[in-house]
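Undergrad: Following this message is one structure expressed as structure tokens.
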Amino acid sequence: MENMQAVNSFVTAYLKKKGFKEAEQLLEDLQKKESAPIDFHNDPDLAKLIHHFSQSEDDVARYQDGYSKLRSWTYSSLDLYKHELLRVLYPVFIHSFMDLVAKGHLQEARTFFNAFHEDHELMHSRDLQKLEGVLSQSHLEEMEFARSLRQNKVNIKICQYSYGLLLQYLHKTQSTAMLGVINEHINFQVTSGQPGSISDDTEVVTLIGSCQDAASLINQKEIHWGLLEDSLEERLEKEGGLLSDSEKAEAENKEGDVDDSKKRSVEGGKQGASTKKLKKDKAVNATAKSARPEAKPTPAAPRVKPELTLPVMSTEVEQSILEDLRNRVQLSSIALPSVSFYTFLNTHNGLNCSSVSQDGSLVAGGFSDSSLKVWDMAKLGQQAGSSTLQGENDSTSSEHVAGPNGVKRSYTLFQGHSGPVYSATFSPLGDFILSSSADTTIRLWSTKLNANLVCYKGHNYPVWDVQFSPVGHYFASSSHDRTARIWSMDRIQPLRIMAGHLSDVDCVQWHANCNYIATGSSDRTVRLWDVQSGECVRIFIGHRSMILSLAMSPDGRYMASGDEDGTIMMWDLSSGRCVTPLMGHTSCVWSLAFSCEGTVLASGSADCTVKLWDVTTSTKAPKNEEKSGNPNRLRSLKTLATKSSPVYSLRFSRRNLLFAAGVLSKKY
């Protein structure tokens, strides 16, 4: 009895010394409940407890050796199953690191992190940068990202055989540390049959701060993805105003005489050959379209009522838009768009963003010196010399015409921000431009008056993106403060604040009916928000790096998102599911744009290419192909390579001419 008490006292003292309060409390409860002596030799539960804590001194070695052996075993596995087993390594790595920190082994945790973090730099660089800042136990509690990782499990999809191989390895090696991490932090979704495709990796690993179950619950909410009632497109269809191909060809012959002022962008510096090429392409497209068999008509999108009060459109503007719609070129897999590319020169790495107006007549650039510069293509075309955009970082006065040494400038300079300009967007009619900056403000400028009209303050940190709504007047912004906000031009305070992302909100995009906005974040999720209520109605999970670009299909049914790794994912807004990933870019996807009828998706990347994707095959693939991962559904129509210009922005005009802008870079 005395020996038993001595053992209990020894174990209690040991647990208290090591700070294992829960185990200490559990042992005290057992002592109180059991009046009879405890036979620790024959009690398997107590034997396991003592055995477990007897290994505590070797915690560091168990984590180091366990992960190193698991890593070696995974990389030496059969190629058929290797890519599935590799999915396990990243969550095991970060949780092993955090466990070591939580147990007070700070120096050993740092050594462990430095030894293995390079394995995961390619896919998870942003997360690793955050975790590298965890230097103490208190940091685990204070850092929301680390806390959310420890509180929620990772979902990993894996086939039955791969799962069996993993369990067999863990039991054979008796790697208790790795088994504990996997059991506590990973939830396996075991599937029957063959292993999934490597190209599906983006869909099978879910590592987010919010719980998967919570996302599933949110995605059950009803959304109305249709188009607005009584839109100009609907009105044109009812009136039978859509022109046939032959009528379009006739209209195009007269277009050069009638639309000189309207097509300033094409008739500017890049004018001559570009105009002829555009008309030639249209004629070819019309011929090709009439030669091929009739495509099956797609069902019309449902009509919804606007939740926002829409601005009144003047008759003159309506007629102009209707004229564009009547003469729109119908794109398809065999009728691709003409592209007009604007290149910025001499920016000295100072260009952060670019934007092109709806008709391509104005091009804007936001710079690190806090300036916003706007080029008028008509005026640029009248000047002698190159038609490219000179963006040199000169010190300029408030005058908009004269530059240094009295030399006439080719752009209009807008000054007012006190930090780098990260985003710029033109209003649908091109009469206003918004810019967002590191100074936490958004500014509204008039392109007619060449003046700053309003400074909107509300965000607490740099504003990464700002976007006008499709109808103008309203705009949305996203910031480092993890929020997105809805604004109207006539109010200096935001109308709605959307909070829920776990990290920076890097990009924002309006839905076609203006009732929703989508936000992309560094937490690797995309969220859809109801503009009226401010509630999150969809969470899209699947990306493995920060989301940099978003685009909504014209019918409002689909959304495309591009990330830092070069992956594009097509989402069905109704179900919240990924229709298909689009693989092909080798670097960040900075811009996405749907053609006006929604058949072609254009993507611009830091890899200096513009890619055109067939959306119809991507979104309407048979279900059996989707399940089998048939690569034929990931159809890239064409890759347009620039000489050495990363693509900053893309925009389709109403007539389906594709405008692109980028900066000539010596890095590439």
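Undergrad: H139 to E318: extension gain in nm, 0.36 nm per residue of separation minus the Cα-Cα distance?
TA: 58.8 nm
Undergrad: What's the magnitude of the charge dipole for region 494-542 around its Cα centre, counting Lys and Arg as +1 and Asp and Glu as -1 at the beta-carbon? Answer in Debye, nearest 20. Walk me through the intermediate numbers first.
TA: Numbers: 4 positive and 5 negative charges, 18 e Å.
Computed about the Cα centre, the dipole is about 80 debye.
Undergrad: Kindly sort S410, S553 by accessible area of their heavy atoms, largest first, with the probe set to 1.4 Å.
TA: Result, largest first: S410, S553.
Undergrad: Kindly flag which residue pairs out of K221/K611; K153/K221; K82/K153; K69/K153 have an alpha-carbon separation exceeding 27 Å in this structure.
TA: Values: K221/K611 34 Å; K153/K221 24 Å; K82/K153 22 Å; K69/K153 23 Å.
Flagged as over cut-off: K221/K611.
Undergrad: Sticking with this structure for a sec: For the charge dipole of region 60-196, defined by +1 on Lys and Arg C-beta atoms and -1 on Asp and Glu C-beta atoms about the Cα centroid, which residue among V60, L135, A109 has the Cα displaced farthest towards the positive pole?
TA: Selected residue: V60.
Undergrad: Hey, can you grab everything whose amide H is under 5 Å from the amide H of F432? Only 5+ residues off in sequence or another chain; H modelled, so Pro and N-termini drop out.
TA: Under 5 Å from the amide H of F432: S427, T447.
Undergrad: Can you work out the base-10 log of I(q)/I(0) for region 60-196 at q = 0.09, 0.14, 0.17, 0.20 1/Å, using the Debye formula on its C-alpha atoms alone?
TA: Listed by q, the Debye log ratios stand at -0.26, -0.63, -0.93, -1.26.
Undergrad: Follow-up. Determine the alpha carbon to alpha carbon distance for each of K103/K130; K157/K638; K448/K666 and list only those over 23 Å.
TA: Beyond 23 Å between Cα atoms: K157/K638; K448/K666.
Undergrad: On a 1.4 Å probe surface of the protein chains, which of K448, K69 comes out largest in accessible area, and what is the full order?
TA: Largest accessible area first, the residues go K448, K69.
Undergrad: For a paramagnetic label modelled at 7 Å from the Cα of R303 toward its Cβ, which residues of region 539-562 fall within the zone defined by backbone nitrogen distances under 17 Å?
TA: Answer for this model: 555-556.
Undergrad: How far, in nm, would the chain grow between S9 and Q160 when pulled straight, counting 0.36 nm per residue and subtracting the alpha carbon separation?
TA: That works out to 49.7 nm of additional length.
Undergrad: With a 1.4 Å probe and all protein chains kept in place, how do T309, T191 rank by accessible area, largest first?
TA: The most accessible residue leads, giving T309, T191.
Undergrad: Moving to a separate point now. Mind putting a number on the dipole of region 443-599 about its Cα centre? Charges go on the C-beta only, +1 for Lys and Arg and -1 for Asp and Glu, and I need it in Debye to the nearest 20.
TA: Here region 443-599 has a charge dipole of around 360 debye.
Undergrad: Considering only protein heavy atoms, what is the solvent-accessible area of Y461 at a probe of 1.4 Å, reported in Å² to the nearest 10?
TA: 120 Å²
Undergrad: Let me ask you something else. Tell me the trypsin sites (Lys or Arg not before Pro) within region 482-530 that lie in a loop according to DSSP and have at most 11 other beta-carbon atoms within 10 Å.
TA: R491
Undergrad: In terms of modelled amide H atoms, which long-range or inter-chain residues lie less than 5 Å from the amide H of W464?
TA: S478, S479, H480
Undergrad: In the full protein assembly as shown, how much of C455 is accessible to a 1.4 Å probe, in Å² to the nearest 10?
TA: Taking all protein chains as shown, C455 has close to 40 Å².
The values are calculated or read from the model by the stated rules, or taken from the named source; none is laboratory data. Quick caveat: nothing in here was measured; it's all calculated off a predicted structure. Glycine also receives a Cβ, built like all others from the backbone with ideal geometry; neighbour counts cover every protein chain displayed. Only protein heavy atoms, including side chains, enter the accessible area calculation; ligands, DNA and RNA are left aside. Shrake-Rupley method; radii C 1.70, N 1.55, O 1.52, S 1.80 Å.
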